[in-house]
1. Do we find a residue being open to solvent by 80 Å² or more (accessible area, probe 1.4 Å), assigned to a helix (DSSP H, G or I) and not hydroxyl-bearing (Ser, Thr, Tyr) anywhere in region 44-55?
2. Starting from residues that are closer than 26 Å to Thr23 by Cα and in a loop (DSSP other than H, G, I, E, B), keep the ones in region 70-119 and report whichever is most open to solvent (accessible area, probe 1.4 Å).
3. Any idea which of (1) under 23 Å from Phe177 (Cα atoms); (2) modelled with pLDDT under 90; (3) out of contact with any Lys or Arg (no Cβ under 9 Å at 6 or more places or on another chain); (4) not small (Gly, Ala, Ser) is the one Leu87 doesn't satisfy?
4. Take the residues in region 101-147 that are of a type in the set (S, T, N, Q) and closer than 15 Å to Ala159 by Cα, then tell me which one is farthest from the chain's Cα centre (by Cα).
5. What is the number of the single condition among (1) open to solvent by less than 50 Å² (accessible area, probe 1.4 Å); (2) in contact (Cβ under 8 Å) with a residue 40 or more places away in the chain; (3) not aliphatic (A, V, I, L, M) that Glu155 does not meet?
6. I'd like the residue in region 120-144 that is small (Gly, Ala, Ser) and touching a Leu at 6+ places or on another chain (Cβ under 9 Å) and, out of all such residues, is most open to solvent (accessible area, probe 1.4 Å).
Amino acid sequence: MLAIQIIAFIFCFSGLGAAIAATASNEWKVTSRASSVITATWVFQGLWMNCAGNALGAFHCRPHLTIFKVEGYIQACRGLMISAVCLGFFGAVFGLVGMKCTKVGGSDQTKAKIACLAGLMFILSGLCSMTSCSLYANRITSEFFDPSFVAQKYELGAALFIGWAGASLCIIGGIIFCFSIAENSNSARRGYAYNGATSVMSSRTKVHNSIPDKTPPKHFDKNAYV
């Protein structure tokens with residue numbers, strides 16, 4: 001059981017790291033090489049900054065000037081990714097408290113509830129991250145395949161794939177956390193039934209041994225020895 005919880009925590013912690021990396025990355029979308037006139041120049045855009053670079057290795061980044069002029073889907077993706085990171089952080093804290101190898105959290109039942117809460121938080125974190133990346137990718141693909149869109153077209157950046165991978169790890173790790181708690185409760189019930197049967201048998205044995213032998217003694221007369 002402890003090994004399953006450790007594997008689930010590794011999955012969730014890796015997913016949280018991927019979500020943080022995707023949130024801070026500036027490569028959510030990159031300029032399309034097919035529609036770019038100058039192929040030696042690339043433009044990267046993220047949730048917080050716009051960057052431009054060339055083949056010589058020179059890059060220049062500029063943050064978004066104001067939050068009110070940023071497009072709505074970018075603001076939605078910001079909120080979802082921040083929520084994913086916060087949920088993953090609290091899920092990691094609760095996961096450490098709810099694991100059997102730690103000495104905090106109280107009794108086994110309390111630790112099981114805390115671990116289940118951590119699993120739910122990781123699942124919600126993965127769903128928020130996946131929704132954010134999917135929303136951003138949908139906007140890029142819709143503009144790329146729209147023939148009436150004449151502005152600069154972009155392709156999917158590396159941050160989207162990192163976010164999708166991290167979301168998948170968080171969801172898988174959270175599900176493993178919840179299933180490990182369910183298996184733990186089932187094993188506890190089986191142990192209780194076995195102990196009860198043993199106690200009943202032992203009590204019956206004690207009662208049987210405590211009953212005195214009421215068999216009347218046998219009397220032999222003189223003819224028995226002839």
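1. Here is the first cut: in region 44-55, the ones open to solvent by 80 Å² or more (accessible area, probe 1.4 Å) are 48.
From what's left, assigned to a helix (DSSP H, G or I): none.
No.
2. Glu71
3. (2)
4. Of all residues in region 101-147, those of a type in the set (S, T, N, Q) come to 102, 107, 109-110, 125, 129, 131-132, 134, 138, 141-142.
Filter once more, so that each one left must be closer than 15 Å to Ala159 by Cα: 129, 131-132, 134, 138.
Values: Ser129: 12, Thr131: 15, Ser132: 17, Ser134: 18, Asn138: 24 Å.
Filtering first and then ranking leaves Asn138.
5. Glu155 satisfies every listed condition except (1).
6. Ser134
The values are calculated or read from the model by the stated rules, or taken from the named source; none is laboratory data. What you see is a predicted model; the values in this text were computed from it and never measured. Don't worry about glycine lacking a Cβ; one is built from the backbone with ideal geometry, like all the others, and counts go over all protein chains shown. Quick note on the areas: whole protein, heavy atoms, side chains included, nothing else; ligands and nucleic acids left out. Shrake-Rupley method; radii C 1.70, N 1.55, O 1.52, S 1.80 Å.
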